[in-house]
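Beneath this line is the structure, given in structure tokens, with notes to follow.
Taken together, the values in this text are just the output of simple stated rules run on the coordinates, not laboratory data. Predicted, not measured: the structure shown is a model, and the values here were computed from it. Here the Cβ positions follow ideal geometry from the backbone for every residue, glycine too, while neighbour counts run over all protein chains shown.
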């Protein structure tokens, strides 16, 4: 999809994206990043650290958010910057949902600032692994 500046309005919700976090994806991320911390690969180690099972890398979660934004924008160079705050872990076998909203528009620069987040539904409610975060984009 390719988004044009004129199509955006302040307060507009971005189309959400959901993805299942699989053990295979987390392993592939560990191999690509070189981060072989057993917390991200071994359920016994994760439980010993107080988690129910393997924890996905925070950067895996952020990478999923960035990938969703680039797909929505239709052009990787349109994503100028992204700042995220990690708030909660993501576990293997959960489904994460990426979302966002247009916070502001600058018609002279043809840029937008987006509030972005990642959330996960758990038995006890909604958790926000990434929240109070933003991205700046430049659109055609």
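Using 20 Å as the cut-off for backbone N distance, which residues of the stretch 50-65 belong to the label zone defined by a point 7 Å from the Cα of residue 36 along Cα→Cβ?
Of the residues in the stretch 50-65, 54-60 have backbone N under 20 Å from the label point off residue 36.
At 10 °C and a viscosity of 1.306 mPa s, what translational diffusion coefficient does Stokes-Einstein give for the stretch 96-136, taking Rh as the Kirkwood radius over Cα pairs? Give it in µm²/s as a whole number. Write down the numbers at each step before the final one.
Working: Rh = 11.3 Å.
So the translational diffusion coefficient is about 141 µm²/s.
With the contact rule set at Cα under 8 Å and sequence spacing of 6 or more, what percent relative contact order holds for the chain? Kindly include the intermediate steps, with their values, before the conclusion.
Working: 281 pairs, mean separation 41.3, N = 140.
Normalised by residue count, the contact order of the chain is 29 percent.
Divide, for the chain, the radius of gyration over alpha carbons by 2.2 N^0.38 Å, where N is the residue count. All intermediate terms of the calculation are to be shown ahead of the outcome.
Values: Rg = 16.3 Å, N = 140, 2.2 N^0.38 = 14.4 Å.
Compared with the compact-globule rule of thumb, the chain sits at 1.13.
Shape of the stretch 1-68 from its Cα gyration tensor (a ≥ b ≥ c, root eigenvalues): rounded if a/c is under 1.5, otherwise prolate when a/b > b/c, or oblate? Don't jump to the answer; show the numbers that get you there.
Details: a/c = 3.66, a/b = 2.53, b/c = 1.45.
Prolate.
Tilt of helix 58-73 relative to the longest C-alpha principal axis of the chain, in degrees (0 to 90, nearest 10)?
30
Can you put 65, 14, 80 in order, fewest other beta carbons within 10 Å first?
80, 14, 65
Would the stretch 32-80 count as rounded, prolate or oblate if I go by the C-alpha gyration tensor, calling it rounded below 1.5 in a/c and otherwise prolate when a/b exceeds b/c, oblate otherwise? Please list the in-between numbers first.
Numbers: a/c = 4.75, a/b = 2.95, b/c = 1.61.
Here the stretch 32-80 falls in the prolate category.
Hey, quick one: spin label on residue 43, modelled 7 Å out along Cα-Cβ, who in the stretch 13-32 has an amide N within reach, i.e. under 20 Å?
The answer is 20-30, whose backbone nitrogens lie closer than 20 Å to the label point.
May I ask for the angle, rounded to the nearest 10°, between helix 23-33 and the longest principal axis of the chain, with both axes built from Cα atoms and the value confined to 0 to 90°?
Taking Cα atoms only, the helix is inclined about 70 degrees.
Top mean-square fluctuation among 44, 54, 102, Gaussian network model of the chain, C-alpha springs under 10 Å?
Of the options given, 44 has the highest mean-square fluctuation.
Rank these for me by crowding, 22, 111, 9, 64, going from fewest to most other beta carbons within 10 Å.
Values: 22 13, 111 16, 9 9, 64 22.
With the sparsest Cβ surroundings first, the list reads 9, 22, 111, 64.
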